[in-house]
Amino acid sequence: MRLHCKRRHFPVWQAADPYVRLEGNEPMSAPKKLFIKTYGCQMNVYDSERMAEALGGQGYVETKSADDADMILLNTCHIREKAAEKVYSELGRFKGLKAEKPDLKIGVAGCVAQAEGEEIMRRQPLVDLVVGPQSYHRLPEMESKARAGEKVLDTDFPEEDKFEKLKNRPKAKRGPTAFLTVQEGCDKFCAFCVVPYTRGAEVSRPVSRIIGEAQELVERGVREITLLGQNVNAYHGEGPNGADWTLAQLIWELDKIDGLERIRFTTSHPNDMMDDLIEAHGTCKKLMPYLHLPVQAGSDRILKRMNRSHTAESYIRLIERIRAARPDILISGDFIVGFPEETEEDFQATLDLIEEVKYGTAYSFKYSTRPGTPAAERAQVEAAVADERLQRLQALLTRQQREVQDSMVGREVGVLFEKAGRLPGQMVGKSDYLHAVHVADCDRAIGDLARVRIVSSGANSLAGELIG
Ligand code: 5AD
Ligand code: SF4
């Protein structure tokens with residue numbers, strides 16, 4: 001009897017009883033198990049979800065352990081060197097598993113797959129399948145070919161839109177927060193960055209598709225949506241009237257969805273911070289007071305060499321305008337230290353900018369050479385110098401982060417509860433400003449949004465009590 005054709009109709013999200021029965025009540029064999037490990041940014045988290053859903057149509061259910069998987073998929077990140085190396089060492093660790101289980105299929109997805117597809121196949125013969133971030137809607141076909149013993153590689157940038165090709169999203173209940181990709185790719189070509197090469201040119205999804213997906217998420221219990229894009233504020237998707245809409249217009253449309261309580265977006269470029277978006281931060285109640293706005297460096301000479309097309313001064317003025325619209329907004333940033341040719345004076349300019357802006361949270365990285373990008377050819381800063389600068393930068397950012405977190409004590413904030421805490425009766429959620437907040441003796445459920453008074457600030461989180 002051929003079992004697989006029936007099973008195709010029972011994807012991951014409907015698999016509460018995965019042992020689907022055929023007519024005549026004959027039990028089917030167990031579903032295949034899929035283990036996905038995700039590296040890198042939130043967009044990869046979103047992509048992993050969609051890949052799992054696509055493979056659900058092939059009869060896969062997700063497992064948390066690689067040991068009992070029939071297919072292992074590494075969804076990779078290529079933004080820094082170490083990320084790719086981690087992937088190779090992780091693949092090496094599957095050697096024993098594959099020897100025990102010859103039917104195990106191993107796939108590599110994401111940006112390392114895009115950048116090094118053939119190299120991966122050559123360097124690691126364990127790999128059966130390589131799929132780039134723009135072609136994962138083809139995973140079901142690719143999986144069938146891999147099952148038939150073929151080695152399959154697809155790193156195309158196809159004409160068709162993968163989101164259109166992917167099935168509608170599942171209907172089962174889910175947690176209260178979700179990511180939703182609205183824009184992909186980047187045309188900025190910062191001199192250090194691989195994204196324009198791995199994710200391709202900037203593309204925005206149409207408004208109607210995004211609203212439809214958001215509505216479905218809300219029906220499934222989602223109350224907070226984070227709109228994702230490598231350059232999310234450059235969003236210019238087709239609106240219902242045929243004209244391109246800005247990110248702010250999209251946010252206002254999402255604002256109309258009953259049951260959706262919070263909207264966030266990431267990651268933005270300073271040059272695409274349009275007036276209507278700044279204004280929305282002051283007027284749209286559902287838009288949370290948190291903005292991730294990478295600056296990368298504080299020296300105009302280095303910013304120019306980075307091809308950032310903004311200056312330290314224009315960035316600071318922009319932050320002032322955003323704070324004028326929403327005074328309590330928490331600003332987050334990304335920084336690169338040890339960019340080629342960076343002098344101590346350049347580095348000091350970055351510290352000065354940080355002092356001026358005051359970041360609530362930040363991500364900082366030592367420059368990592370990415371072959372093929374313009375900066376890779378330039379005079380590199382000595383590793384020990386870059387290390388020392390990174391330490392100084394992080395000490396300053398940690399101090400600021402601490403000050404901003406501590407300043408929350410005594411304030412009333414909204415908290416969306418995401419899970420139970422470790423202590424009995426305790427719940428944990430995120431504040432409007434994205435701080436983790438613990439509430440003791442909390443009679444609220446996961447997905448509830450409550451007003452909370454912050455009473456203390458701990459190492460990495462706040463403690464609060466319900467108001468009223
Ligand atoms: N080296 C170090 N950091 C990098 N980033 C991007 N490319 C590199 C690189 N080659 C950082 C930037 C970006 C964040 C996602 O990763 O700060 O904003
Ligand atoms: Fe990379 Fe962001 Fe620059 Fe685009 S704007 S090239 S994604 S750092």
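The values are calculated or read from the model by the stated rules, or taken from the named source; none is laboratory data. Just so it is clear, the model here is predicted, and its values are computed rather than measured. Don't worry about glycine lacking a Cβ; one is built from the backbone with ideal geometry, like all the others, and counts go over all protein chains shown. When the accessible area is computed, the model is the full protein with side chains, heavy atoms only, and any ligands, DNA or RNA have been set aside. Shrake-Rupley method; radii C 1.70, N 1.55, O 1.52, S 1.80 Å.
Summary table
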read-out	value
Modelled label reach - S314, point 7 Å along Cα→Cβ, segment 244-278 residues with backbone N closer than 20 Å	247, 267-278
Crossing angle, helix 42-56 versus the chain [Cα axis fit, 0-90 degrees, rounded to tens]	10
Cut-off under 5 Å, modelled amide H: who pairs with L287 long-range	I263
Furthest towards positive pole of dipole, V437, V357, L287, structure part the chain, Cβ charges	V437
1.4 Å probe accessible area per residue over the chain, in Å²	45
Selected from F157, V337, Q348, residue furthest toward positive end of dipole (the chain; charges at beta carbon)	F157
Most to least packed among 354-365, 53-64 [average Cβ atoms within 10 Å]	53-64, 354-365
Dipole-positive endmost among L55, L303, G132 within the chain (Cβ charges, Cα centre)	L55
Acute angle (nearest 10 degrees) that the helix 383-406 long axis makes with the longest principal axis of the chain, alpha-carbon atoms	80
Where a label projected 7 Å from the Cα of R392 along Cα→Cβ would reach, residues of segment 323-353 with amide N under 15 Å	336-339, 342-353
Percent carbon-and-sulfur accessible area, segment 325-408, ignoring ligands, DNA and RNA, probe 1.4 Å	52
Average Cα contact separation per residue, segment 325-408, under 8 Å, 6 or more apart, as relative contact order %	40
Residue-averaged 222 nm ellipticity for the chain, from DSSP H runs of 4+ at -39500 (n - 2.57), nearest 500	-10000 deg cm²/dmol
Spatial separation of Cα centroids for segment 298-315 and segment 43-102, in angstrom	38
Relative contact order of segment 236-344, defined on C-alpha pairs under 8 angstrom at six or more residues apart (%)	25
About the Cα centre, charge dipole magnitude for the chain (Lys/Arg +1, Asp/Glu -1 at Cβ), debye	1320
Antiparallel DSSP beta bridges within the chain, as percent of all bridges there, nearest 5	35
Cα-based helix-to-principal-axis angle, 312-325 vs the chain, degrees rounded to 10	80
